[in-house]
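Please treat every number below as a calculation from the coordinates, not as lab data. Quick caveat, the model's predicted, so the values are computed rather than measured. Backbone-built Cβ (ideal geometry, glycine too); neighbour counts: all protein chains shown.
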Amino acid sequence: AYGAEISWDSHYEDHHLHLAVYRNQFVNYLFPMHTGKPAQNNPNLMVYQNVAMPALMAGFEVGFHTHLFHQFNSDVTISYTQGDLTDLNTPMPYIPPLESNIELSVDLSDYSFGLMAHFANQQNRVFQSELDPLANETATKGYAVFDLNGEYRLMNDDYIVTATMTLENVLNQEYRKHLNKVKHIFPEPG
């Protein structure tokens, strides 16, 4: 593969901004392709075989961290990737959609608490193959999922002990990540 990436980081007082763009040209991009055969131990799952094809992938990511006030912080990330199998003139399989994460946190001396929101756009740019229609990828809907986390830290000169608790998908949303190969059978955990 041949690739290039340009990134820029800026720090100003309590703020940090990170920007990056990239482009990669693959001579042989390896990816698993659906064979059309069911797995022996579970007929609901299909067998995949790795194949190699020329591909082009490009994208960007943005990250911003800021200290809001007192012990409150905010982190925002946004990322997007677009990939194409150049010989087949079709999108690459299992490319994530436009995604973003927003985290608000409070950091006290021994404790920290946070709320994180995960957003993903729908993914309609999916792999389609005239050679093997069974290998065609399915689109996924967009989603918004919220997590809560808390941490307790006990520190002295000799050791650090950390206890962490996370509650994922607080609102118990049913959603499917585009990169999950069994998303048509199992949604993400509640």
Using the scaling law 2.2 N^0.38 Å as the reference, what is the normalised Cα Rg of the range 40-190? 1.36
Computed about the Cα centre, the charge dipole of the range 1-145 from +1 Lys/Arg and -1 Asp/Glu charges at the Cβ has a magnitude in debye, to the nearest 20, of 620 debye
Gyration tensor verdict on the range 1-115 (Cα atoms; rounded if a/c is under 1.5, prolate if a/b is larger than b/c, oblate otherwise): oblate
Where Lys and Arg each count +1 and Asp and Glu each count -1, what net charge lies around residue 90 among other residues with Cβ under 10 Å from its Cβ? -3
Using Cα-Cα distances under 8 Å and only pairs 6 or more residues apart, what relative contact order does the range 1-85 have, in percent? 27 percent
Going toward the positive end of the dipole of the range 1-137, with +1 on Lys and Arg Cβ and -1 on Asp and Glu Cβ, which of 26, 100, 4 do you reach last? 26
Loop-only GluC sites (Glu not before Pro) in the range 94-165, please: DSSP not H, G, I, E or B, and at most 15 other Cβ atoms within 10 Å. 130
Contour excess over end-to-end distance, with Cα ends at residue 153 and residue 183 and 0.36 nm allotted per residue: 7.1 nm
Cβ under 14 Å from residue 162's Cβ, residue 162 left aside: what net charge do those residues give with Lys, Arg +1 and Asp, Glu -1? -2
Charge dipole (the chain, unit charges on Cβ, about Cα centre) - positive-most of 72, 184, 56: 184
Do you know the relative contact order of the range 81-179, to the nearest whole percent, from alpha carbon pairs under 8 angstrom that are 6+ apart? 24 percent
Once you have the Cα-Cα distance between residue 7 and residue 88, take 0.36 nm times their residue separation minus that, and quote the gain in nm to one decimal. 26.1 nm
Contact order relative to length of the chain, as percent, for alpha carbon pairs under 8 angstrom and 6 or more apart: 13 percent
In the neighborhood of residue 110, defined by Cβ-to-Cβ distances under 13 Å, what is the net charge if each Lys or Arg adds +1 and each Asp or Glu adds -1? -1
Within straight cross-link reach of residue 37, meaning Cα distance under 26 Å, which lysines are found once same-chain residues fewer than 8 apart are removed? 177, 181, 183
Computed ³J(HN,Hα) along the range 4-16: with the Karplus parameters 6.51/-1.76/1.60, θ = phi - 60°, integer Hz and x for glycine or proline, the list is 9, 9, 10, 9, 9, 10, 10, 10, 9, 6, 9, 10, 9
Under the Karplus relation with 6.51, -1.76 and 1.60 and θ = phi - 60°, whole-Hz ³J(HN,Hα) for the range 62-78, x at Gly and Pro, equal 10, x, 9, 10, 9, 8, 6, 6, 6, 9, 8, 10, 9, 10, 10, 10, 9
If you put +1 on each Lys and Arg Cβ and -1 on each Asp and Glu Cβ, how big is the dipole of the range 1-81 around its Cα centre, in Debye rounded to 20? 620 debye
Long-range amide H partners of residue 98 with built H, under 5 Å: 121
For the range 136-190, what is the charge dipole size about the Cα centre, in debye to the nearest 20, if Lys and Arg each add +1 at the Cβ and Asp and Glu each add -1 at the Cβ? 440 debye
